[in-house]
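The values are calculated or read from the model by the stated rules, or taken from the named source; none is laboratory data. Note that the structure is a prediction, hence the values are computed from the model and not measured. Here Cβ is always computed from backbone atoms with ideal geometry, including for glycine, and neighbour counts include all displayed protein chains.
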Amino acid sequence: MSDNKRNKIIEWIDYRLPIFSFIKDLGEYRAPKNLSYLWSLGSIAGIGLVIQIITGIILAMHYTPEVSMAFNSVEHIVRDVNYGWLIRSIHAVGASMFFLAIYIHIMRGVYYGSYKTPRELLWFIGVIIFLATMATAFMGYVLPWGQMSFWGATVITNLFSAFPLIGESIVEWLWGGFAVGNPTLNRFFALHYLLPFIIIGLVMLHLVALHQHGSNNPTGVEVKNDKDTIPFHPFYTIKDFVGFGVYFILFAYFVFFEPDYLNHPDNFIPANPMVTPPHIVPEWYFLPFYAILRSIPNKLAGVVAMVSAILILFALPWLDKSKVKSMAYRPLSRFFFWIFIFDSLLLGFIGGKPPEGIYVMLGALATFYYFTHFLLIVPLVSKFEKTLPEPESIDKAIRRI
């Protein structure tokens, strides 16, 4: 086919569906010239989502969402389906790797003030993606129908009963009856299959919001002119591939050498409603919020605190009143940021321990500090902190280095 004829076909398609124009715009997109490897985490999370969807579709072809067959169908996938062990390991490990990328991505956004004007909506959509991802992961954890899957579903769905008037109705709707059973498993399977495609739609909105004002950068200074930017391709596509390489090395290590390291041993036992595990533990990425839930004796207050621990991220653009975005120029904020990171890790550690002895007191103290950080420390520090002078532009900041 001649080049002239090929161009006419491309023009004909592009006039009706501007796919090629969109690809061209992406290729010409300019980004701040000082982005670090931490800015690869958005692309890494996107790759992680694609991996989860592809492997999830393959697994769904062999999975049976029926309480008497679900556990055995997972064993069938691992033992009898060609490369089923690999697909299942990639999907199981991929959930943890996806959350690892998301958590670092969120913390990078907090550190560099990516939630500040004019990127509030970008931040809000990101938090909604995080919530949708947590719901998807929880429902996926129930599907193998092991001991921890069954009792995790029982405990978490029962939390909705704490809400006055409507709580019991919500629980019965989730269960599809009066106890966790086959209708529950069917509901969770359907929602677990559906939600990733909703997340893709949210990711598209996230990208649209990102391209509206461009990426934030380590200085927090807005782009002034073309000297502050470079073309995204090839500079950042190459940088992203370096990030992908590191990510996939870690991914491959767990898939091929420690595929069950992040799974609870009780989940390799078929679900038994008559035997309660001595210690019900969710996946590691839920542990900080699980610790917050357990640290408050009152059931309703615990549920509200657990949900608020995530929803409080929506308020961050208003809680942080500083005009300086990046903590690179906010020494006191940076100090408290790392204390907050330690507190979050401590909550994760406590969430994996039995609610007894010193862990009860530590959980209460860590929960208290978690909310104190957002509601008291962030507003006060941002108001009274003496910040360092920001560079005039991204270009001058790089030249000064």
Number of the exception - Y193 against (1) at pLDDT 95 or above; (2) crowded, with 16+ Cβ neighbours inside 10 Å; (3) in contact with a Leu (Cβ under 9 Å, 6 or more places away or on another chain):
(3)
For segment 31-53, state whether one or more residues are under 30 Å from H105 (Cβ atoms), in a helix (DSSP H, G or I) and without any contact (Cβ under 8 Å) to a residue 12 or more places away in the chain.
yes
Can you pull out every residue in segment 14-49 that is among the β-branched types (V, I, T) and either touching a Ser or Thr at 6+ places or on another chain (Cβ under 8 Å) or surrounded by 12 or more Cβ atoms within 10 Å (Cβ to Cβ) (or both)?
I44, I47
Every residue from segment 350-368 that is within 26 Å of the chain's Cα centre (by Cα) and at positive phi
none
It is to be established whether one or more residues within segment 298-305 are under 29 Å from G48 (Cα atoms) and either among the polar types (S, T, N, Q) or out of contact with any strand residue (DSSP E or B) (no Cβ under 8 Å at 6 or more places or on another chain) (or both).
no
Filter segment 102-124 down to residues that are β-branched (V, I, T) and surrounded by fewer than 18 Cβ atoms within 10 Å (Cβ to Cβ) and give me whichever is modelled with the lowest pLDDT.
T117
Please go through segment 261-276 and give me each residue that is in contact (Cβ under 8 Å) with a residue 40 or more places away in the chain and part of a loop (DSSP other than H, G, I, E, B), ordered by number.
L262, N263, H264, I269, A271, N272, P273, V275, T276
Filtering segment 217-256 for residues that are within 24 Å of the chain's Cα centre (by Cα) and of a type in the set (S, T, N, Q) leaves a count of 2
Yes/no for L347 being surrounded by 15 or more Cβ atoms within 10 Å (Cβ to Cβ), touching a residue at least 60 places away in the same chain (Cβ under 8 Å), under 30 Å from E222 (Cα atoms) and within 22 Å of the chain's Cα centre (by Cα)
no
So, in segment 350-401, how many residues would count as being buried (at least 16 other Cβ atoms within 10 Å of the Cβ), under 20 Å from L319 (Cα atoms) and free of Cβ contacts under 8 Å to residues at least 60 places away in the same chain?
4
Determine whether segment 309-320 contains at least one residue that is part of a loop (DSSP other than H, G, I, E, B) and out of contact with any helix residue (DSSP H, G or I) (no Cβ under 8 Å at 6 or more places or on another chain).
no
Looking at Y111, Y115, Y141 in this structure, which one is within 18 Å of the chain's Cα centre (by Cα), in contact (Cβ under 8 Å) with a residue 60 or more places away in the chain and closer than 28 Å to V180 by Cα?
Y141
Out of segment 277-301, which residues are part of a helix (DSSP H, G or I) and either more than 24 Å from the chain's Cα centre (by Cα) or under 28 Å from L38 (Cβ atoms) (or both)?
W284, Y285, F286, L287, P288, F289, Y290, A291, I292, K299, L300, A301
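Quick check on segment 232-244. Is at least one of its residues over 22 Å from L122 (Cα atoms) and part of a loop (DSSP other than H, G, I, E, B)?
Checked against the condition, which is being over 22 Å from L122 (Cα atoms) and part of a loop (DSSP other than H, G, I, E, B), segment 232-244 yields no hits at all.
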Output the number of residues of segment 136-173 satisfying the condition of being in contact with a helix residue (DSSP H, G or I) (Cβ under 7 Å, 6 or more places away or on another chain), of a type outside the set (V, I, T) and surrounded by fewer than 15 Cβ atoms within 10 Å (Cβ to Cβ).
1
S68 fails exactly one of (1) in a helix (DSSP H, G or I); (2) among the polar types (S, T, N, Q); (3) loosely packed, with under 12 Cβ neighbours inside 10 Å, namely (1)
Which listed residue, of L207, L194, L202, L174, is closer than 17 Å to G109 by Cβ, assigned to a helix (DSSP H, G or I) and without any contact (Cβ under 8 Å) to a residue 40 or more places away in the chain:
L207
In the list Y261, Y247, which residue meets the criterion of being surrounded by 14 or more Cβ atoms within 10 Å (Cβ to Cβ) and either among the aromatic types (F, W, Y) or closer than 30 Å to E392 by Cα (or both)?
Y247
What are the residues in segment 257-275 that are farther than 30 Å from N182 by Cβ and within 24 Å of the chain's Cα centre (by Cα), if any?
E258, Y261
Are any of the residues in segment 125-140 touching a Ser or Thr at 6+ places or on another chain (Cβ under 8 Å) and at pLDDT 95 or above?
no
